[in-house]
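The values are calculated or read from the model by the stated rules, or taken from the named source; none is laboratory data. Quick caveat, the model's predicted, so the values are computed rather than measured. Here the Cβ positions follow ideal geometry from the backbone for every residue, glycine too, while neighbour counts run over all protein chains shown.
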Amino acid sequence: MADDADTSQRILDIAERLVQTRGYNGFSYADIAGPLRITKASLHYHFPAKALLGRRLIERYERNFLAALAAVDRTGSGARQKLRRYAAIYADVLRADRMCLCGMLAAEFATLPKAMQKNMRHFFDENERWLTAVLEQGRKAKELAFPGPAREVARALLGTLEGAMMIARSYGEPARFQVVADRLLAELSA
């Protein structure tokens, strides 16, 4: 049983890298089976359909992302520092020559199975919820200043950082992302 769990995790690890570098529609089970030296039939034993594999990828990615956000919260830092750390999560992924898994999936939204679309939206909803709370904390502490509702600013931050990742990747220049992130955060300073 432990061997099955280990194989499932290794499948998810390779599939995550493939989605983050090629997209969901840019890989097949053969791309996973080769590096693992297992048959495609064995892959289907663990994940009978690619859509199930995709859902498990999103769920795992969200769990890990939310754990990273919880770690940021535990630092007791102010809102400005929390936002810097949030942007750093994206920058670290980009420096590893990858993209946000859900950002890549969002680009393929129309071709994804409905369940994957729902899971992907949940990931973004959770990001918006966390960002909204941090922005409200920062405004209350007079550490951040911005017009309008915090939720709208959270959506703008999330969308801008995801888009900045795509553009920086297309140029092969992670520094482009950092310039955008730094500017966004500077504009929120009180």
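On the given criteria, is Ala106 more than 18 Å from Gly159 (Cβ to Cβ), at pLDDT 95 or above and under 13 Å from the mean Cα position of the chain (by Cα)? So Ala106 fails the test.
The requirement of being more than 30 Å from Thr21 (Cα to Cα) and not basic (Lys, Arg) is fulfilled somewhere in region 149-160, by at least one residue.
Tell me whether region 51-58 contains one or more residues that are under 30 Å from Ala141 (Cα atoms), surrounded by 12 or more Cβ atoms within 10 Å (Cβ to Cβ) and either among the small types (Gly, Ala, Ser) or out of contact with any Ser or Thr (no Cβ under 7 Å at 6 or more places or on another chain) (or both). Checked region 51-58: no residue is under 30 Å from Ala141 (Cα atoms), surrounded by 12 or more Cβ atoms within 10 Å (Cβ to Cβ) and either among the small types (Gly, Ala, Ser) or out of contact with any Ser or Thr (no Cβ under 7 Å at 6 or more places or on another chain) (or both). Please verify whether region 73-81 includes one or more residues that are of a type in the set (Asp, Glu) and in contact with a helix residue (DSSP H, G or I) (Cβ under 6 Å, 6 or more places away or on another chain). Scanning region 73-81 turns up no residue that is of a type in the set (Asp, Glu) and in contact with a helix residue (DSSP H, G or I) (Cβ under 6 Å, 6 or more places away or on another chain). Within region 140-166, being part of a helix (DSSP H, G or I), charged (D, E, K, R) and touching a residue at least 60 places away in the same chain (Cβ under 8 Å) holds for one residue alone: Glu162.
Look through Leu105, Leu101 and report the one residue that is crowded, with 20+ Cβ neighbours inside 10 Å, of a type outside the set (Phe, Trp, Tyr), closer than 14 Å to Tyr24 by Cβ and in contact with an Asp or Glu (Cβ under 9 Å, 6 or more places away or on another chain). Going through Leu105, Leu101 in turn, just one is crowded, with 20+ Cβ neighbours inside 10 Å, of a type outside the set (Phe, Trp, Tyr), closer than 14 Å to Tyr24 by Cβ and in contact with an Asp or Glu (Cβ under 9 Å, 6 or more places away or on another chain): Leu101. Against the definition (surrounded by fewer than 18 Cβ atoms within 10 Å (Cβ to Cβ), free of Cβ contacts under 8 Å to residues at least 40 places away in the same chain and within 19 Å of the chain's Cα centre (by Cα)), how does Arg84 come out, yes or no? Criteria not met by Arg84. Of all residues assigned to region 24-32, at least one qualifies as being in contact with a Gly (Cβ under 7 Å, 6 or more places away or on another chain), of a type in the set (Phe, Trp, Tyr) and farther than 30 Å from Ala141 by Cβ.
Of the candidates Glu173, Glu143, the single residue that is touching a strand residue (DSSP E or B) at 6+ places or on another chain (Cβ under 9 Å) and over 19 Å from Ala68 (Cβ atoms) is Glu143. When Ala96, Ala133 are screened for being surrounded by 14 or more Cβ atoms within 10 Å (Cβ to Cβ) and small (Gly, Ala, Ser), only Ala133 passes. The set of residues in region 22-41 being of a type outside the set (Phe, Trp, Tyr), out of contact with any Asp or Glu (no Cβ under 7 Å at 6 or more places or on another chain), touching a residue at least 12 places away in the same chain (Cβ under 8 Å) and surrounded by 15 or more Cβ atoms within 10 Å (Cβ to Cβ) consists of Ile32, Ile38.
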